[in-house]
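Encoded as structure tokens, the structure appears first; notes follow it.
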Amino acid sequence: MRCAWLLALAACGPTYVRSAPKPAWVEATAGFTPGTPTTPTIVQRYRATASRIISAARHDHAAYRLLAELTDTIGARLAGSPQLDKAIDWAARRLRDAGHDVRTEPVMVPHWVRGREEAALVEADGSERELHIIGLGGTVSTPFGGVTARVVVVTSWDDLEARAADVKGAIVLYNVPLPPWDTARGFSGYGEVAPYRSQGPSRAAKLGAVGVLMRSVTATSLSTPHTGAMRYADGVPKIAAAAITTEDAELLARRAAAGPTEVRLRIESQQLPDVPSANVIAELRGRELPDEVVLIGAHIDSWDVGQGAHDDGAGCVMMMQALTTLRTLGLQPRRTIRVVLFTNEENGLRGGRGYAKDHAAEIANTVLALEADSGGFAPVGFGVELADGADPTRSQLTRTRIGAIADLLRPLAPMRVIESHSGADISPLVEAGVPGVGLIVDSATYFDIHHTSADTLDKVDPDDLAAATAAVAVFAYIVADLPGRIDAP
Ligand SMILES: [Zn+2]
């Protein structure tokens with residue numbers, strides 16, 4: 001389970017294990033101990049403050065204006081790129097401008113650079129039809145001039161193994177469709193399909209394949225290929241791998257079903273030595289317990305196409321603006337709220353791992369970590385993730401109190417509280433025992449543009465982004481201000 005989750009983590013998307021939908025109130029309190037005194041207390045104690053924060057954060061498009069700066073003046077920002085350095089400088093500057101205590105903490109990141117990429121269906125007469133592809137993150141180049149080979153179309157791991165004899169010398173196409181968004185469950189199926197992208201190249205190479213095409217992980221397509229993370233297994237030849245549009249995947253599947261079909265694939269990319277990067281950290285220091293930290297985070301890097309607007313520029317500006325809203329309102333909680341904008345989530349998770357390592361001594365004082373990395377859509381809930389072996393009483397108290405905070409957010413939206421994966425960057429903290437929370441948003445259209453050239457500012461609704469920012473601000477403030485820690489009996 002954990003393994004499958006980690007694969008999806010690097011791929012940067014929500015993999016919620018959701019229960020069937022229920023009315024908001026029932027969801028917010030389901031499974032919680034009846035009569036727990038803390039729930040009404042939290043609601044009473046913080047109702048007025050929550051309303052103040054919500055009206056301040058909601059009637060202001062400040063988060064959207066920050067996102068416009070990030071996306072329109074800097075744009076895509078893959079690890080190792082000068083754009084990522086600029087984005088880190090920009091975020092630190094804007095956070096300082098807002099009066100926060102800001103620092104950057106160095107992390108080394110991988111430096112992979114995309115080059116020329118092309119693919120074509122080769123007809124029997126030698127003519128070619130262009131296929132729309134994008135190299136998977138970290139792909140090696142094809143041999144000089146590219147490879148031309150038969151296509152073997154597979155729809156599952158079992159299918160791949162069953163066709164092992166055909167795969168030798170072929171280009172394997174993983175034609176595994178992402179199911180349509182499940183509105184009732186708020187579920188994407190991304191976690192089930194993305195492993196074909198992350199593991200597919202090495203599993204095909206083990207059987208002698210010379211290249212891999214991956215059907216883009218999306219249920220809806222206007223001929224746009226989706227990139228994403230991929231990891232080569234040790235001891236297996238590295239072969240070039242690219243995502244192909246769903247339209248072209250279906251074309252190849254039809255042609256391959258009708259008869260032998262050849263594809264030419266040419267990829268040029270470079271894996272350069274690691275380079276320095278940094279996590280950006282900004283704080284609103286606690287008034288009574290400044291050493292106790294409530295972490296709220298997102299990732300500042302993006303893939304190298306589009307603008308990284310939803311993924312995860314939106315998460316970054318939510319965190320930045322949530323902190324600024326609290327400071328502007330003069331709301332200084334008991335504990336410190338720390339914004340962390342992690343570097344290199346997409347193709348390395350070095351920011352998240354580096355933070356957990358550098359702050360290992362602080363883990364015990366980290367009360368909770370929240371991440372937003374599912375797009376800048378309207379907030380719909382919180383996904384709570386507690387470490388394996390967490391104390392059941394404390395875990396239940398955490399859920400109960402988060403349920404109470406969700407109840408205070410009802411003016412924004414009915415908020416569910418469910419058990420789910422929280423966030424990739426905070427996953428090392430969760431493994432170390434810190435309660436993790438993921439902001440759940442209405443991701444119905446997220447995978448249409450995820451990791452593509454279409455992840456641009458125009459896809460972000462300023463009101464939805466403001467509502468998500470308000471939810472983060474209220475959540476962070478209350479968790480940081482509670483008289484006892486959120487899991488304290
Ligand atoms: Zn992301």
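If you scan region 59-81, which residues turn out to be buried (at least 19 other Cβ atoms within 10 Å of the Cβ) and within 18 Å of Gly330 (Cα to Cα)?
Initial filter on region 59-81 (buried (at least 19 other Cβ atoms within 10 Å of the Cβ)): 62-64, 66-67, 70-71, 74-81.
The one that is buried (at least 19 other Cβ atoms within 10 Å of the Cβ) and within 18 Å of Gly330 (Cα to Cα): Ala62.
Only a single criterion out of (1) more than 16 Å from the ligand (Cβ to nearest atom); (2) over 22 Å from Ser51 (Cα atoms) is not satisfied by Ala476, namely (2). Just one of (1) in the same structural domain as Leu213 (by TED's automatic domain parsing); (2) assigned to a helix (DSSP H, G or I) fails for Asp125. It is (2).
Across region 386-395, which residue is nearest to His421 (Cα to Cα) among those that are in contact with a Gly (Cβ under 8 Å, 6 or more places away or on another chain) and surrounded by fewer than 22 Cβ atoms within 10 Å (Cβ to Cβ)? It comes out as Ala387. Against the test of being outside any loop (DSSP other than H, G, I, E, B) and buried (at least 22 other Cβ atoms within 10 Å of the Cβ), the options Val107, Val113 yield a single qualifying residue, Val107.
Being at pLDDT 95 or above, within 23 Å of Ala62 (Cβ to Cβ), assigned by TED's automatic domain parsing to the domain that holds Thr73 and of a type outside the set (S, T, N, Q), is that true of even one residue in region 449-456? Within region 449-456, one or more residues are at pLDDT 95 or above, within 23 Å of Ala62 (Cβ to Cβ), assigned by TED's automatic domain parsing to the domain that holds Thr73 and of a type outside the set (S, T, N, Q).
Cβ-Cβ contacts under 6 Å between residues 6 or more apart (or on different chains), taken from a first residue in region 196-217 that is assigned to a loop (DSSP other than H, G, I, E, B) to a second residue that is charged (D, E, K, R), are listed as Gly208/Lys168. One residue stands out among those in region 138-160 that are touching a helix residue (DSSP H, G or I) at 6+ places or on another chain (Cβ under 9 Å) and either part of a strand (DSSP E or B) or not assigned by TED's automatic domain parsing to the domain that holds Glu123 (or both): the one that is farthest from Tyr232 (Cα to Cα), which is Arg150.
In this entry, Ala87 passes the filter for residues that are in contact with a helix residue (DSSP H, G or I) (Cβ under 8 Å, 6 or more places away or on another chain), assigned to a helix (DSSP H, G or I) and closer than 16 Å to Thr343 by Cβ. Return the residue satisfying two criteria in turn: it lies in region 253-278 and is assigned to a strand (DSSP E or B) and among the basic types (Lys, Arg), and of such residues it is farthest from the ligand (Cβ to nearest atom). Filtering region 253-278 for residues that are assigned to a strand (DSSP E or B) and among the basic types (Lys, Arg), the one farthest from the ligand (Cβ to nearest atom) comes out as Arg264.
Take the conditions (1) more than 16 Å from Glu431 (Cβ to Cβ); (2) buried (at least 23 other Cβ atoms within 10 Å of the Cβ); (3) touching a Leu at 6+ places or on another chain (Cβ under 7 Å); Leu341 misses just one of them, which is (3).
Does region 372-391 contain any residue that is at pLDDT 95 or above and among the polar types (S, T, N, Q)? Yes, because at least one residue in region 372-391 is at pLDDT 95 or above and among the polar types (S, T, N, Q).
Among the residues of region 398-427, which ones are within 16 Å of the ligand (Cβ to nearest atom) and at pLDDT 95 or above? Reasoning before the result, please.
Initial filter on region 398-427 (within 16 Å of the ligand (Cβ to nearest atom)): 420-427.
Across region 398-427, the qualifying residues are Ser422, Gly423, Ala424, Asp425, Ile426, Ser427.
Under the condition of being of a type outside the set (Lys, Arg), within 21 Å of Ala258 (Cβ to Cβ) and not in a strand (DSSP E or B), the residues counted in region 161-195 number 9.
Checked against (1) within 15 Å of the ligand (Cβ to nearest atom); (2) of a type outside the set (Ser, Thr, Tyr); (3) free of Cβ contacts under 8 Å to residues at least 40 places away in the same chain, Phe377 passes all but a single condition, namely (3).
The values are calculated or read from the model by the stated rules, or taken from the named source; none is laboratory data. What you are looking at is a predicted structure, and each value in this text was computed from that prediction instead of being measured. Positions of Cβ are backbone-derived with ideal geometry, glycine not excepted, and every protein chain shown enters the neighbour counts.
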